[in-house]
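K.L.:
Encoded as structure tokens, here's the structure I'll be asking about.
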Amino acid sequence: MQPDPFTASVADRVTDLNERYLNHAAQAVLKRALTDDTVGRIAMVSSFGAESVVLLHMLSVINPATPILFIDTQMLFEETLTYQQEVAAHLGLTDVRTIRATREAVAAHDPDGLLHKSSTDACCDLRKTVPLENALSNFDAWITGRKRFQGKTRATLDFFENEGDTRIKINPLAHWTPDDVQDYIINNRLPRHPLVAKGYPSIGCAPCTSRVAPGEDPRSGRWRDQDKEECGIHFINGKVVRGPILKEEPMNIIVTDQGFGQDDWTLAYTTPDELADNSDAPALAIDLASDADPAVLAGKLDGIDMIRIDFPSFADGRGFTLARRLRLMGFNGRLRAKGHVIADQYAMARRSGFEEVEITPELAERQPWDQWKARATWQDHDYQNRLRGAV
Ligand code: SF4
């Protein structure tokens with residue numbers, strides 16, 4: 001029996017989809033993925049690289065209005081940007097969405113554009129992984145052009161993958177060979193990326209892509225001489241590959257409208273699951289992930305003194321929405337944003353209902369109180385208060 005699209009887990013739906021479409025051709029897998037109820041809201045992610053035109057063409061035949069996410073790392077070759085425009089026009093693709101790291105994020109972490117020299121993981125995290133994770137938060141599934149022949153990390157690819165129990169990833173070309181790709185491009189007279197003819201069979205960012213000699217592995221020109229095969233937007237063995245920016249760090253500076261201070265909360269934090277066991281505690285603080293469902297705390301908010309919401313990256317805005325929802329549910333206790341929140345986001349945090357932010361000593365050093373203070377007059381920017389004439 002087919003799993004219920006609304007209640008079945010991602011893992012169950014992926015197993016079912018792989019069984020049902022096991023012997024299908026790439027076009028059939030793509031077509032079914034775009035129409036199957038158990039897949040949900042879907043987008044294609046395309047680099048508009050050397051082989052991207054194959055899937056883009058298939059998509060244009062089935063539904064040219066499907067959302068396509070194009071990650072502009074601001075480090076791409078000029079030729080890629082031009083090619084992206086040309087291919088979209090040629091195929092009549094009507095919903096190409098260019099996504100980038102925010103200006104604030106780049107200014108905070110890579111102001112000189114040289115991060116790729118010291119840490120390609122951190123640079124990919126900043127310029128690819130985080131913007132894509134944000135963009136994909138609106139989708140249940142995404143389509144990629146990955147193929148088994150592209151290296152050992154992709155050697156066992158299935159058509160459908162479980163991405164961290166949150167989304168389905170679809171690889172219609174998983175079983176294609178290099179000849180299949182070439183034949184499709186030739187038979188359909190599709191435009192080639194201009195750098196292919198110049199010796200680039202795999203094309204990423206300009207600083208991290210080099211020419212490939214005849215006979216070399218086509219992907220050997222990507223991060224050449226580095227122990228790196230993936231940019232971080234794909235899972236390996238079920239875990240997302242993350243760079244140093246997102247790693248857990250000690251957090252002990254508390255930012256409020258009054259300035260920097262130390263954490264005055266001395267009791268342990270707990271989780272919603274453990275809440276029942278702590279119901280006799282004199283005071284309660286709860287840690288919530290940014291994607292937590294606030295419904296787990298329905299009916300329990302009166303007994304909670306503080307809720308601390310984790311911000312896994314400065315470009316992840318889900319914590320702001322979660323804070324607003326908790327306030328709308330009637331939570332009147334302390335609300336703290338913990339993690340990767342930067343000074344530019346302080347006004348947004350306060351407007352969302354947070355009273356304080358918990359940051360690392362390193363961030364506090366990079367962004368001293370003066371930078372936060374400028375946003376501590378957050379009510380000046382509160383349009384709702386302005387409309388009410390309160391400010
Ligand atoms: S491929 Fe290179 S330049 Fe592009 S995001 Fe990754 S490290 Fe940065």
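The values are calculated or read from the model by the stated rules, or taken from the named source; none is laboratory data. If you're wondering where the values come from, they're calculated on a predicted model, not measured in any experiment. Cβ atoms come from the backbone with ideal geometry, glycine included; neighbour counts cover every protein chain shown. Accessible surface is based on the protein model in full, side chains and every heavy atom, while ligands, DNA and RNA are left aside. Shrake-Rupley method; radii C 1.70, N 1.55, O 1.52, S 1.80 Å.
K.L.:
For region 10-245, what does the alpha-carbon gyration tensor say about shape, rounded, prolate or oblate, given a ≥ b ≥ c as the root eigenvalues, a/c under 1.5 as rounded, and a/b over b/c as prolate?
P.N.:
rounded
K.L.:
Taking R0 as 22 Å, what's the FRET efficiency between F260 and E104 from their Cβ-Cβ distance, rounded to 0.05?
P.N.:
Calculated value: 0.65.
K.L.:
Carbon and sulfur atoms: what percent of the 1.4 Å accessible area of region 117-188 do they account for? Don't jump to the answer; show the numbers that get you there.
P.N.:
On the way: 1260 of 2830 Å².
Roughly 44 percent, rounded to a whole number.
K.L.:
So how far, in whole Å, is the C-alpha centre of region 6-62 from the one of region 190-219?
P.N.:
Spelled out, the Cα-based centre of one part sits 26 Å from the other.
K.L.:
Within a Cβ distance under 11 Å of Y21, other residues only, what is the Lys/Arg minus Asp/Glu net charge?
P.N.:
Every neighbour counted, the sum reads -1.
K.L.:
What residues of region 57-95 lie in the reach of a label at Q27, counting those whose backbone N is under 15 Å from a point 7 Å from the Cα along Cα→Cβ?
P.N.:
Only 57-64 pass the distance filter.
K.L.:
Here is a follow-up. Would you please classify the overall shape of region 77-147 from the alpha carbon gyration tensor, given that a ≥ b ≥ c denote the square roots of the eigenvalues, rounded means a/c under 1.5, and beyond that prolate means a/b larger than b/c while oblate covers the rest?
P.N.:
On the way: a/c = 2.02, a/b = 1.50, b/c = 1.35.
Prolate, because a/c is 1.5 or more and a/b exceeds b/c.
K.L.:
Tally Lys/Arg at +1 and Asp/Glu at -1 over every other residue whose Cβ is under 9 Å from the Cβ of A376; what's the total?
P.N.:
Here the charged neighbours net out to +2.
K.L.:
Could you order the peptides 83-90, 22-29 from most to least packed, using the average number of other C-beta atoms within 10 Å per residue? All intermediate terms of the calculation are to be shown ahead of the outcome.
P.N.:
Numbers: 83-90: 17.2, 22-29: 14.2.
Per-residue Cβ counts within 10 Å, averaged per peptide and sorted highest first, yield 83-90, 22-29.
K.L.:
Can I ask one more? For every other residue with a beta carbon closer than 12 angstrom to the beta carbon of N63, add +1 if it is Lys or Arg and -1 if Asp or Glu, then tell me the sum.
P.N.:
0
K.L.:
Output the pairs from K31/K338; K147/K338; K169/K300; K169/K338; K128/K300; K117/K198 with a Cα-Cα distance over 32 Å in this structure; if there are none, say none. Walk me through the intermediate numbers first.
P.N.:
Details: K31/K338 42 Å; K147/K338 38 Å; K169/K300 36 Å; K169/K338 30 Å; K128/K300 38 Å; K117/K198 24 Å.
Cα-Cα > 32 Å for K31/K338; K147/K338; K169/K300; K128/K300; rest within.
K.L.:
Still on this model: Calculate the spin-label point distance for L114 paired with E365, positioning each point 7 Å from the Cα along the beta-carbon direction, and give it in nanometres.
P.N.:
Label-label distance for E365 and L114, simple model: 1.9 nm.
K.L.:
Could the peptides 293-300, 161-168 be put in order, highest first, of the mean number of other beta-carbon atoms found within 10 Å of their residues?
P.N.:
161-168, 293-300
K.L.:
How would you rank 104-116, 172-184, highest first, on the average number of other Cβ atoms within 10 Å across their residues?
P.N.:
Details: 104-116: 15.7, 172-184: 17.5.
Averaged packing, sorted descending, gives the order 172-184, 104-116.
K.L.:
Given the Cα-Cα distance of A11 and L328 and 0.36 nm per residue of separation, how much length would full extension add, in nm?
P.N.:
Extra length from A11 to L328 when fully extended: 110.8 nm.
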